[in-house]
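Have a look at the structure below before the remarks.
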Amino acid sequence: MNNYLISILIPFKNSSMYLKECMDSIVSQSYQNWEVLAIDDHSADDSRAVVEEYSLRDSRIIVHSNQGDGIISALRTAYNLSKGELFTRMDSDDIMNSKKLEIMASSLEKHGKGHIAVGGVRYFSDRGVGNGYMRYEKWLNKLTAKGVNFSEIYKECVIPSPCWMVHKIDLEECGAFEPNIYPEDYDLTFRFYERGLQCIPCNEILHKWRDYDTRTSRTSEHYAQNYFLQLKLYYFLKLHHDHRRPLTVWGAGDKGKSLARELLKQNIPFYWLCDNPKKIGKNIYGQELRHFNYLHKLEKPQSIVTVANEEAQKMITNFFSNLGQSSMVDYFFFC
């Protein structure tokens, strides 16, 4: 198994206070046949000096400047310098389980090409982890334990950016880091799904995900909710939408309204449904809101659901089940 060279791609920018822990967790991996492509995205602190110190001690660590700006450009720069047969990402502020590379490489050796090795994640923070992140962690790890990540791909990003590994040929065939689309990790996840790659189940925590106020996903406009919604809709229309079937949007909250605006902008007809008596019968953006029972009147509808409440989602799932409809074929949760 150690014959596989693993390329670890690490964009970094102003993360000097966390880089030592990150690099130590890589150097101490039980699996030792790896290379690190650490790309400095124009850091203003001493991040580069920290990584270069490790590079001087370990020739497997290569430090280079970003050829452009931003994470996507940094990933392309790293990829162009890489020589590995297996590929994974790492965030410069996170920590690897000591057997992470070994477990993932072993999974890929066993299952072969056409598969993605994934692993459980755990958030950690000096101030404690918020309920939203705890729910996301629990949901994500539940999917990963069964390898059914793609079954709920329209809810959130189902493969965490620093906790996957694939064969180079699979990454190449998915377009690697060529698309200039944010959020880049979610876009790559959709391309893995589109290509038909299969997730390998894993119930072990392989990655510790650091949460803090200035992390990129909290501060960059590229990770705002409107980017996520646009990406979800793009892939839904590309991969699942059947224009011969009536389309419905279930939910008239902020997400439902944002989705409605996007569909109207693209001249895609839809019926707008909800269960709020105060909204039923009203017109928003020129669209009448109808009770969800209107689905009974439609022939083989497809539905996008924007309702986030977990109990409501269970009710909605039962409603579709009674209609004889299936998730990821007839209805899709965008929440």
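The values are calculated or read from the model by the stated rules, or taken from the named source; none is laboratory data. Note that the coordinates shown come from a computational prediction; the quantities given were computed from them, not determined experimentally. Cβ coordinates were reconstructed from backbone atoms using ideal geometry, including for glycine residues, and neighbour counts include every protein chain displayed. In case anyone asks, the SASA skips ligands and DNA or RNA and just uses the protein heavy atoms, side chains included. Shrake-Rupley method; radii C 1.70, N 1.55, O 1.52, S 1.80 Å.
Inside the stretch 104-163, can you point out the residues that are among the polar types (S, T, N, Q) and more than 16 Å from the chain's Cα centre (by Cα)?
Of everything in the stretch 104-163, those that are among the polar types (S, T, N, Q) and more than 16 Å from the chain's Cα centre (by Cα) turn out to be S106, S107, S125, N131.
Scan the stretch 269-311 residue by residue and report those that are hydrophobic (A, V, I, L, M, F, W, C) and at pLDDT below 95.
Result: A308, single match.
So for the stretch 50-57 (the condition being closer than 26 Å to Y4 by Cα, crowded, with 16+ Cβ neighbours inside 10 Å and aliphatic (A, V, I, L, M)), does at least one residue qualify?
Yes, the conditions are met somewhere in the stretch 50-57.
Quick one: is Q32 touching a Lys or Arg at 6+ places or on another chain (Cβ under 8 Å) and assigned to a loop (DSSP other than H, G, I, E, B)? Working first, answer last.
Numbers: touching a Lys or Arg at 6+ places or on another chain (Cβ under 8 Å): no; assigned to a loop (DSSP other than H, G, I, E, B): yes.
So Q32 fails the test.
Read through the list (1) more than 23 Å from G120 (Cβ to Cβ); (2) surrounded by 15 or more Cβ atoms within 10 Å (Cβ to Cβ); (3) polar (S, T, N, Q), then give the number of the only condition that N80 fails.
Answer for N80: the failing condition is (2).
Scan the stretch 91-108 for residues that are of a type in the set (A, V, I, L, M) and open to solvent by 40 Å² or more (accessible area, probe 1.4 Å) and jot them down.
Across the stretch 91-108, there are no qualifying residues.
If the requirement is being more than 20 Å from L231 (Cβ to Cβ), open to solvent by 40 Å² or more (accessible area, probe 1.4 Å), free of Cβ contacts under 8 Å to residues at least 24 places away in the same chain and not β-branched (V, I, T), which of these qualifies: K314, K265?
Working: K265 fails: more than 20 Å from L231 (Cβ to Cβ).
On inspection, the qualifying residue turns out to be K314.
Consider the stretch 1-29. How many of its residues are open to solvent by 10 Å² or more (accessible area, probe 1.4 Å) and either closer than 21 Å to S73 by Cβ or not in a helix (DSSP H, G or I) (or both)?
Of the residues in the stretch 1-29, 10 are open to solvent by 10 Å² or more (accessible area, probe 1.4 Å) and either closer than 21 Å to S73 by Cβ or not in a helix (DSSP H, G or I) (or both).
Please give the number of the condition S161 fails out of (1) touching a Leu at 6+ places or on another chain (Cβ under 7 Å); (2) within 20 Å of I103 (Cα to Cα).
(1)
Could you please let me know if G281 is open to solvent by 20 Å² or more (accessible area, probe 1.4 Å) and either in contact (Cβ under 8 Å) with a residue 40 or more places away in the chain or in contact with an Asp or Glu (Cβ under 8 Å, 6 or more places away or on another chain) (or both)? Full working, then the answer.
Working: open to solvent by 20 Å² or more (accessible area, probe 1.4 Å): yes; either in contact (Cβ under 8 Å) with a residue 40 or more places away in the chain or in contact with an Asp or Glu (Cβ under 8 Å, 6 or more places away or on another chain) (or both): yes.
When the stated conditions are applied, G281 passes them.
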